[in-house]
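As structure tokens, the structure follows; a few thoughts come after it.
Quick note: the coordinates plus some simple rules give every number you see, no bench work behind them. Not measured: the values here are computed from a predicted model. Note: ideal-geometry Cβ built from the backbone for every residue, glycine included; neighbour counts use all protein chains shown.
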Amino acid sequence: MTTTDYTVRHAFPCDDLDIAALESTCFPKTEAASGKTISERVCVYPDNFTLVEYKGEIVAVVNGPVTYEKDLTDDMYSDTSFHHDDGTWQMIFGVETHPDHRRKGVAELALHSFLEYARSIGCKGAVLTCKEELVHYYAKFGFINEGISSSTHGGATWYQMRLIF
């Protein structure tokens, strides 16, 4: 299978349960957003969810709000009021790929599509946090490591990464 076997689209409110299931598959319980939180996010900013489907099943998701804030903070994970359609920074809460579809270019397809959308709506760039072992992965996309983030989400140590368009 190649990335041409996949379909990329934005989210619909009815996708919330499938997105939440993928989130719980890809993240530890302390880091995964609840179904209620995913549902709220999808309702507020569905276009800021890039979904990748394979045979009608959601196998990858990239999501996050657009905000005026320059840095990703823990408050953003639970408070959708940070999202502003005309914001300047695209935050990325997660890049998640179902284990059966990893190492096939699916996450790359999702992330490139997500970033292209952020560029198209006029964002200055994108910000994400990741664990140390993924810093090199996001650097491949042009993200710059800004060091350890103030985030303590899920009790982990996070590194803030920024991509300026």
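Of all residues in the stretch 14-54, count the ones that are over 26 Å from residue 145 (Cα atoms), free of Cβ contacts under 8 Å to residues at least 24 places away in the same chain and in a loop (DSSP other than H, G, I, E, B).
Selection size over the stretch 14-54: 1.
Give the stretch 13-53 a look and list any residue that's surrounded by 15 or more Cβ atoms within 10 Å (Cβ to Cβ) and of a type in the set (S, T, N, Q), or say none.
Within the stretch 13-53, 24, 37, 39, 48, 50 qualify.
Only one of these conditions is not met by residue 46: (1) out of contact with any helix residue (DSSP H, G or I) (no Cβ under 6 Å at 6 or more places or on another chain); (2) over 18 Å from residue 116 (Cβ atoms). Which number is it?
Unmet for residue 46, out of (1) out of contact with any helix residue (DSSP H, G or I) (no Cβ under 6 Å at 6 or more places or on another chain); (2) over 18 Å from residue 116 (Cβ atoms): (2).
Looking only at the stretch 92-139, how many residues end up being under 11 Å from residue 163 (Cβ atoms) and more than 13 Å from the chain's Cα centre (by Cα)?
Within the stretch 92-139, residues that are under 11 Å from residue 163 (Cβ atoms) and more than 13 Å from the chain's Cα centre (by Cα) number 5.
For residues that are out of contact with any Leu (no Cβ under 8 Å at 6 or more places or on another chain) and of a type in the set (Phe, Trp, Tyr), tally how many sit in the stretch 1-32.
Qualifying residue count, the stretch 1-32: 2.
Exactly one condition in (1) surrounded by fewer than 13 Cβ atoms within 10 Å (Cβ to Cβ); (2) in contact (Cβ under 8 Å) with a residue 60 or more places away in the chain is false for residue 157; which is it?
Going through the list (1) surrounded by fewer than 13 Cβ atoms within 10 Å (Cβ to Cβ); (2) in contact (Cβ under 8 Å) with a residue 60 or more places away in the chain, residue 157 breaks only (2).
If I go through the stretch 1-54 residue by residue, how many of them are of a type in the set (D, E, K, R) and within 18 Å of residue 97 (Cβ to Cβ)?
Residues of the stretch 1-54 that are of a type in the set (D, E, K, R), as a first pass: 5, 9, 15-16, 18, 23, 29, 31, 36, 40-41, 47, 53.
Add one more test, that the residue is within 18 Å of residue 97 (Cβ to Cβ), and what stays is 5, 9, 15, 18, 23, 31, 53.
Total satisfying the criteria: 7.
Quick check on my filter: what residues within the stretch 34-57 are of a type in the set (A, V, I, L, M) and out of contact with any strand residue (DSSP E or B) (no Cβ under 8 Å at 6 or more places or on another chain)? Explain how you work it out, then say what you get.
Just the residues of the stretch 34-57 that are of a type in the set (A, V, I, L, M), to begin with: 38, 42, 44, 51-52.
Hits for the stretch 34-57 are 38, 44.
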